[in-house]
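Trainee: Okay, here's the structure, questions in a sec.
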Amino acid sequence: MYIPPAFRLADHAAALEVMREHPFALLIAATGAGSVEIAHLPILVDADGEALELRGHVAKANPMARLIAESSTEAPVRATVVFTGPNAYVSPDWYVTENQVPTWNYLAVHAAGPLTEVDDGEAVVALLADLSAEHEAALLPKRPWTMDKMIPGTVDRMRKGITAFRIAVDQFETKAKLSQNKNAADRGGVVAALQALDRPGTLATAGWMQRLAE
């Protein structure tokens, strides 16, 4: 990912926040035949200090499942997961400085590493439970859905239709393109205009602009 110095975000905790708040990501892997496979899926982010692991699953019918199954320690299939954070269009009319052009402010995280299949049945079920628990928690005060609400045996049958994976991340970078290359007055004009639009994406983008300016 092209990241000019002004837009590189080195704050590891902030990057994890972006990933966890925007877990529906792109899993991208090269096929070895000159093309790539791309899967859209929710990703679990497991962090232990600077160590980072990503977990997820795809349908066995998905071509990505074959790449996961083919990956090995001797011949790893590398993948990149792209998390897209808050983003918003920026109009030149919002700047104090004249003769500007339109742009787009955004946050993005790229995390890469070798694909490893998770084929242990208990580990796969744990992944599924962790995924649902994380997203059900965001629905409180609704009582969280859990797999024990399903008819016994259903989870085991459905588990056979997916391929689970993990990625031990060894390359990690975050871009926060949030008008850091503009003067304070221009940044303030963008923040005010984004807040005035009062949309989830514009408010979140303005919030990150303010946060990184502090």
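Trainee: Select from the stretch 171-195 the residues that are open to solvent by less than 20 Å² (accessible area, probe 1.4 Å) and in a strand (DSSP E or B) and write down the one among them that is nearest to Leu115 (Cα to Cα).
Mentor: Filtering first and then ranking leaves Thr174.
Trainee: Could you check how many residues of the stretch 15-46 are among the small types (Gly, Ala, Ser) and modelled with pLDDT under 95? Full working, then the answer.
Mentor: Here is the first cut: in the stretch 15-46, the residues among the small types (Gly, Ala, Ser) are 15, 25, 29-30, 32-35, 39.
Next, from what is left, pick out any that are modelled with pLDDT under 95: 30, 32-35.
So the answer is 5.
Trainee: Let me ask you something else. Hey, can you tell me all the residues within the stretch 29-76 that are open to solvent by less than 50 Å² (accessible area, probe 1.4 Å) and of a type in the set (Val, Ile, Thr)?
Mentor: Scanning the stretch 29-76 gives Thr31, Ile43, Val45, Val58, Ile68.
Trainee: Out of all the residues in the stretch 179-196, is one or more within 22 Å of the chain's Cα centre (by Cα) and in contact (Cβ under 8 Å) with a residue 12 or more places away in the chain?
Mentor: Restricting attention to the stretch 179-196, the residues satisfying the condition of being within 22 Å of the chain's Cα centre (by Cα) are 179.
Next, from what is left, pick out any that are in contact (Cβ under 8 Å) with a residue 12 or more places away in the chain: 179.
The answer is yes, given that some residue of the stretch 179-196 is within 22 Å of the chain's Cα centre (by Cα) and in contact (Cβ under 8 Å) with a residue 12 or more places away in the chain.
Listed here are the residues, each with its yes/no results for (1) surrounded by fewer than 19 Cβ atoms within 10 Å (Cβ to Cβ); (2) hydroxyl-bearing (Ser, Thr, Tyr); (3) in a loop (DSSP other than H, G, I, E, B).
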| position | (1), (2), (3) |
| --- | --- |
| Phe83 | no, no, no |
| Ala88 | no, no, no |
| Thr97 | yes, yes, yes |
| Gln100 | yes, no, yes |
| Trp104 | yes, no, no |
| Leu107 | no, no, no |
| Pro141 | yes, no, yes |
| Ile151 | yes, no, yes |
| Ile167 | no, no, no |
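The values are calculated or read from the model by the stated rules, or taken from the named source; none is laboratory data. In this text, all values refer to a predicted model and were calculated from it rather than measured experimentally. Cβ sites come from the backbone with ideal geometry, for glycine too, and all protein chains shown count toward neighbours. For accessibility, only protein heavy atoms count, side chains too; no ligands or nucleic acids. Shrake-Rupley method; radii C 1.70, N 1.55, O 1.52, S 1.80 Å.
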